[in-house]
Amino acid sequence: MSITGTSRILLSGSELTSSNVIAFVSRIPRAEMQQWLIALNELLPDNDVRLFDSLTAQQKQLCTLAVVANPDPAELRQLPNLQWVHSTWAGVERMVAELSVTERLPIVRLVDPTLAHTMAEAVLAWTLYLHRDMPAYREQQASAQWLQRPYIAACERTVGILGLGKLGALSAERLEANGFNVLGWSRQQRRLKNIRTFAATDGLASMLAQSDIVVNLLPLTNETRGLLNTARFAQCKQGVSIINFGRGATVSEADLLSALDAGIVSHAVLDVFEAEPLAASHPYWSHANITVLPHISAPTCLGSASKIVANNIKEYFKSGRIPEAVDRQLGY
């Protein structure tokens, strides 16, 4: 998809360019929006990036591009000449779900190498948390119990990674470099150095059966929704630990609670949830064998992300080509 040049519209005696104004459409805290606004306007001196609620009626008509972070679809619909949107997030499942099937607006997701390193760091940190029995020591502290638990070497601990895209592949490599026995699973067969990989339904069952810790980094699609459920937990090792840094809806909440109560799952570290923020009344908060995190495993780095977004926008206005967009069927 491309444009053939900069269109101009004459309004109220003043000539405005459709390429000049870029809308920032978001439901993130306003302070965060302002930070993005400052960064993008510094990096895009030939453009005027503005918050949606500050746009005039004329500017809404002229706007062909929007930068978005969890946007309200109703606001996007008020930009009738919008040609594409650039997300400041890697995950765009919610936006894809909220836009109707008739709205085929190209969505470009953030692809930031920094994000993969941040996620790999988090995967290693919380794998070590489980590997070194930190939940048990936390519980012992609460009862003033001095007890040294047996040490298990990293090479004797098998970690299974669900999802071998950029985030999963680097996380697997980081774990392997730290001595863990690492397995990986993806929809299509992938090959990684020093890491045994699996694919498809049979491969998933085989990987789960061998893993002491299972880390979910899968995107949310029709195929992954509810993937980790009672049937899957039954395929796991007794006492498996779960880390979910992918998407909340990949794990069945009710089935996970049942598996924890039955001792099938020993502990779960959860950073993503079906509804965020997690409701104060949710049973996850008070469950002794769940660690709740407020979606902090891989936050967007404004410094690197804003440069990537700005460079994509500059290239678009230079060449007319929209960067690779999300496949609506796959959801990513």
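Which ones in the stretch 275-307 are outside any loop (DSSP other than H, G, I, E, B), touching a residue at least 24 places away in the same chain (Cβ under 8 Å) and farther than 16 Å from L115 by Cα?
Result: I290, T291.
What number of residues within the stretch 96-115 are within 19 Å of S306 (Cβ to Cβ) and either touching a Cys at 6+ places or on another chain (Cβ under 8 Å) or open to solvent by less than 40 Å² (accessible area, probe 1.4 Å) (or both)?
6
For every residue, the table says whether it meets (1) in contact with a helix residue (DSSP H, G or I) (Cβ under 8 Å, 6 or more places away or on another chain); (2) open to solvent by 50 Å² or more (accessible area, probe 1.4 Å); (3) touching a residue at least 40 places away in the same chain (Cβ under 8 Å).
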site: I28; (1), (2), (3): no, no, yes
site: N41; (1), (2), (3): no, yes, no
site: L55; (1), (2), (3): no, no, no
site: L79; (1), (2), (3): yes, no, yes
site: H117; (1), (2), (3): yes, yes, yes
site: V123; (1), (2), (3): yes, no, yes
site: T127; (1), (2), (3): yes, no, yes
site: L130; (1), (2), (3): no, no, yes
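Give the stretch 204-225 a look and list any residue that's assigned to a helix (DSSP H, G or I) and buried (at least 21 other Cβ atoms within 10 Å of the Cβ), or say none.
Residues satisfying the conditions are M207, L208.
Taking the options V108, V49, V96, name whichever one is out of contact with any Asp or Glu (no Cβ under 9 Å at 6 or more places or on another chain), within 26 Å of H295 (Cβ to Cβ) and in contact (Cβ under 8 Å) with a residue 40 or more places away in the chain.
V96
What residue, of A169, A142, is surrounded by 16 or more Cβ atoms within 10 Å (Cβ to Cβ) and either more than 16 Å from V240 (Cα to Cα) or of a type in the set (G, A, S) (or both)?
A169
What tally of residues in the stretch 243-274 results from selecting those that are over 22 Å from the mean Cα position of the chain (by Cα), part of a loop (DSSP other than H, G, I, E, B) and of a type outside the set (V, I, T)?
2
Assuming P150 fulfils every condition listed in (1) open to solvent by 10 Å² or more (accessible area, probe 1.4 Å); (2) under 22 Å from C236 (Cα atoms); (3) over 19 Å from the mean Cα position of the chain (by Cα) apart from one, which condition is it?
Against the list (1) open to solvent by 10 Å² or more (accessible area, probe 1.4 Å); (2) under 22 Å from C236 (Cα atoms); (3) over 19 Å from the mean Cα position of the chain (by Cα), P150 comes up short only on (2).
Would you mention how many residues in the stretch 57-77 are touching a residue at least 60 places away in the same chain (Cβ under 8 Å) and farther than 16 Å from T88 by Cα?
Count: 1.
Would you pick out the residues in the stretch 176-190 that are out of contact with any helix residue (DSSP H, G or I) (no Cβ under 6 Å at 6 or more places or on another chain) and open to solvent by less than 20 Å² (accessible area, probe 1.4 Å)?
Passing the criteria: only S186.
Identify all residues within the stretch 226-242 that are open to solvent by 30 Å² or more (accessible area, probe 1.4 Å) and outside any loop (DSSP other than H, G, I, E, B); write none if there are none.
Scanning the stretch 226-242 gives T230, A231, R232, A234, Q235.
So which of A74, A69 ends up being closer than 29 Å to F24 by Cα, open to solvent by 10 Å² or more (accessible area, probe 1.4 Å) and among the aliphatic types (A, V, I, L, M)?
Matching residue, one of A74, A69: A74.
L164 passes all but one of (1) open to solvent by 80 Å² or more (accessible area, probe 1.4 Å); (2) within 22 Å of the chain's Cα centre (by Cα); which number fails?
Single failed check for L164: (1).
Regarding the stretch 318-326, can at least one residue be identified that is among the polar types (S, T, N, Q) and surrounded by 15 or more Cβ atoms within 10 Å (Cβ to Cβ)?
Within the stretch 318-326, none of the residues are among the polar types (S, T, N, Q) and surrounded by 15 or more Cβ atoms within 10 Å (Cβ to Cβ).
The values are calculated or read from the model by the stated rules, or taken from the named source; none is laboratory data. These numbers were taken from a predicted model, which means no experiment stands behind them. Glycine gets a Cβ as well: all are built from the backbone with ideal geometry, and neighbour counts include every protein chain shown. Ligands, DNA and RNA are stripped out before the accessible areas are found, and what is left, the full protein with its side chains, is counted by its heavy atoms. Shrake-Rupley method; radii C 1.70, N 1.55, O 1.52, S 1.80 Å.
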